[in-house]
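Scroll down for the structure; my scribbles are underneath it.
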Amino acid sequence: MRRSGLVLVLLVPLSLAVGLWAGPVTLSPRELWDGLVHPYAESAAIVRDLRVPRVLLAFLVGGSLSVVGASLQALLRNPLADPYLLGLSGGAGLGAVIAIALNPNWPWAVPAAAFAGAAGAVALVYRLSVVAGRRLDPRVLLLAGVIVGSFAGAIMTTVVSLSDAAELRRAFLWLLGGFGGASWSALLIFCAYAAAPLLVLLLSSRALDLLALGEESAKHLGADVERNKRVVYIATSLLTAASVAVCGIVGFVGLVVPHAVRRLWTPMHRELLPAVFFLGGALLVLTDGLTRTIARTLELPVGAVTAIVGVPLFALLLRRNYT
Amino acid sequence: MNLTANDLAVRYPGAPAPALDGVSLQVEPGRLLAVVGPNGSGKTTLVNAILGLVPLERGTARLDEKPVTEWRRGSLAKVVGVVAQREEVVFPLTVTQTVMLGRYPHLGPLAPIGFHDREATLRALRRCDIEPLAERRVDTLSGGEWQRVRVARALAQQPRILVLDEPTASLDVRHEMELFELVRTLVADGLAGLVITHELNLAARFADRIVLLNRGKVVADGAPVEVLRREILTDVFAWPVAVTTWSDGSPQVIPLRVGETPPAQGPAR
C-alpha cells in the first residue's frame, strides 16, 4: 500500500514533465525549462501557450473522469459504471455532431453544444427515472441511460450520414476525444465548472462508502440516501459534461483507474477519490503525450490510445489479482 | 432507551390488504424480543415501520417517546444498530474497514477517524470474536463469519438497541447457535434486542418474549411458552406441528410429516 502511494507521488510530476516534453517539436530539457520560466525565450510560445494548458487540462480531465467513474460505480453499485454510462456520451456526441454539421462561426459552438447535449441527456435520464416512479433507483437509471444513449446515438448516426466527408471525419475524431483544442481559456472554463462538483464528490466520500453497501444498509448506518444519491448524480453529471465539452469523449480512464486503485490501494472513498484523481490525471497526460509522438505529423484521438494502452495493463492487473 | 410501536398499519401502494395491521410491541433494555411468523407475514415490514423507513397508514413508532420519523437518520443510527436481512458485497472491504463503517454516524464528512473510533471498532471485533479476521477481505469469509462482521459493525455504532432481521438465515447449527449466544450476551449487558427469525426453537430458547405475526396481524404475544402452542402454530403455518418441552422449560416445535399424528404427550428428553 505504501509502495503504491510512493508510485503515485512520483508518477504525477513525472507525467507532467513527460507531457510538457512530448510533441511534434522536440525540445531539449533546457529549452523546456527556459520556455517555462522566461516569458521571452524562443520556446516560450510552444511551452506556455500550447503545452502547459494542454497538460494541465489533460490532467484535470483525467482526474475528474476517474473521480466520476469511482463515484458512479459506488452510486450504481456496478463495477462496470463509467462516466458515460448514463446516456451522457450520446447526448454530448449528438450536440457536438449537430454543431459540426451546422458549422457556425463561433469557436465555442462545439463545446457549448456538447455541454448542452450532455445536460439534456442527464435531464432526460433523470426525468425517465422519476416517471418510472423510482427516483434515482440504480436499475432504472441504468435502463434510462441506455435508452437515452441509444436514442441519441441513432440520431447522431443519421446526422453524420447526411453530412459531407470532411464534417464526418471531424465529427468522428471529436467523438474519440482529444486535447488539440486545449487553451488557457478552455482550462479556465473547465476549472470554473469542475471545482464545485469535485469538491462536492470529495465531501461525499463517506456517503459513497455507505451507498456502495446498498441503500438499505446505508440507511441503517445513518446515510440520507435520497439526498446523497441526488448530490452524487448531479455532481458527476456536471463534471462529465464539462470534460466532454473541452475534450470530447475520452473513454476507459473513468472505468479502469478506480478499479486499479481499489485493487492496488484502498476501496475507501476518502483515500480512493484523491488517489484516482492523481492517477487518472497522470495517465491521461501520459496518453495524450503518446498521441502527439506516435505519429509526429498527425495527432491520434486520445480516447483510442487510452483504450489501446489501458486494456493490456488492465488485463495484467486482473491476472495478478485473480490468479 | 425503549422502542415502542403502537397500532402500526402499513399498506403498500396497490396492495389489496395491509402488510401490517394494528401491530404493537415494545423493545426494552436487557430484554430480547423475537418476532416470528410465516413468509410474507409482515416481519421485515415491521422492522422498516418501526425504523421509520416506510410510511405508516396508522399508528406510531416511538424511540424514547419521540416519533422515529422525527429522528434524523444520522441520530437514529447512533442509538439503533440494524443487521438487515440481505447485504450483497459488490466492492469488498476488509473486516476492519467494514466494521469501521459503524462509526460513520458519529463522524462528520471531514472528521478524521480518531482514537475513540478505532477503540470502538476493536471492541466490536473482540466482542464478536472476529479479531483474528481483521485484515481478511469480506468476500473470503464464510456465511457465519460474515454475519458476525455485520453484527460487529452494528456494535461499532455503540447502539442502545440492536435489531437483527433473520440473522441466521442459511447458517449451520454451530453458527446460528453462536450468533444467538452472542446476541443473548449483548442483551444481558443491557442492550435492547429485537430479532426477526424463522427459527422458532431458537426464539423459544433465547427470547424473553415472542410476537407471532400472520398476514400482518399479531396472532399471539407473550412468553415463548404462551405463544408457541400447537394449535396456534398449526393454524398460522398451515402445517401440523407437535410442541414438546426442553429441559430448560422452553417449548420446542417439531413439524410433523404427512400422515403423522402428534404424540399424546411430548417425547422424553
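The values are calculated or read from the model by the stated rules, or taken from the named source; none is laboratory data. The shown structure was predicted, so the numbers you read here are calculated from the model rather than taken from an experiment. Backbone-built Cβ (ideal geometry, glycine too); neighbour counts: all protein chains shown.
Residue selection: B:Arg215 satisfies the criterion of being in contact (Cβ under 8 Å) with a residue 60 or more places away in the chain and either in contact with a Phe, Trp or Tyr (Cβ under 7 Å, 6 or more places away or on another chain) or more than 30 Å from B:Gln158 (Cβ to Cβ) (or both).
The helices (runs of 4 or more DSSP H) falling completely within the stretch A:104-195 that include 2 or more residues that are of a type in the set (S, T, N, Q) map to A:138-162.
The listed residues are A:Val246, A:Val261, and the only one of them that is within 13 Å of chain B (Cβ to nearest Cβ) and of a type in the set (Val, Ile, Thr) turns out to be A:Val261. Would a scan of the stretch A:272-279 turn up a residue that is within 30 Å of B:Ala156 (Cα to Cα) and within 11 Å of another protein chain (Cβ to nearest Cβ)? Yes, the stretch A:272-279 has at least one match.
For the stretch B:52-85, a tally of residues being within 21 Å of B:Gly190 (Cα to Cα), within 11 Å of chain A (Cβ to nearest Cβ) and surrounded by fewer than 20 Cβ atoms within 10 Å (Cβ to Cβ) returns 3. All of (1) modelled with pLDDT of 95 or more; (2) more than 12 Å from B:Leu33 (Cα to Cα); (3) of a type in the set (Gly, Ala, Ser); (4) touching a helix residue (DSSP H, G or I) at 6+ places or on another chain (Cβ under 9 Å) hold for B:Ala203 with one exception: (2). I'd like to know if the stretch A:221-235 contains one or more residues that are touching a His at 6+ places or on another chain (Cβ under 6 Å) and within 11 Å of another protein chain (Cβ to nearest Cβ). No.
Out of A:Ala58, A:Ala74, A:Ala96, which single residue is over 15 Å from A:Ala186 (Cβ atoms) and part of a helix (DSSP H, G or I)?
Just a single option satisfies the conditions, and that option is A:Ala74.
Looking at the stretch B:5-30 only, could you name the residues that are in contact with a helix residue (DSSP H, G or I) (Cβ under 7 Å, 6 or more places away or on another chain) and either crowded, with 21+ Cβ neighbours inside 10 Å or on the phi < 0 side of the Ramachandran plot (or both)?
Those that are in contact with a helix residue (DSSP H, G or I) (Cβ under 7 Å, 6 or more places away or on another chain) and either crowded, with 21+ Cβ neighbours inside 10 Å or on the phi < 0 side of the Ramachandran plot (or both): B:Ala5, B:Leu8, B:Val10, B:Ala19, B:Leu20, B:Val23.
Identify, please: which residue in the stretch A:195-216 is in contact with a Gly (Cβ under 9 Å, 6 or more places away or on another chain) and facing chain B (nearest Cβ under 10 Å) and is, among those, farthest from B:Leu51 (Cα to Cα)? Only one residue tops the list, namely A:Arg206. Being aromatic (Phe, Trp, Tyr) and within 13 Å of chain A (Cβ to nearest Cβ) is the filter here; which residues of the stretch B:86-130 pass it? Selection gives B:Phe91, B:Tyr104.
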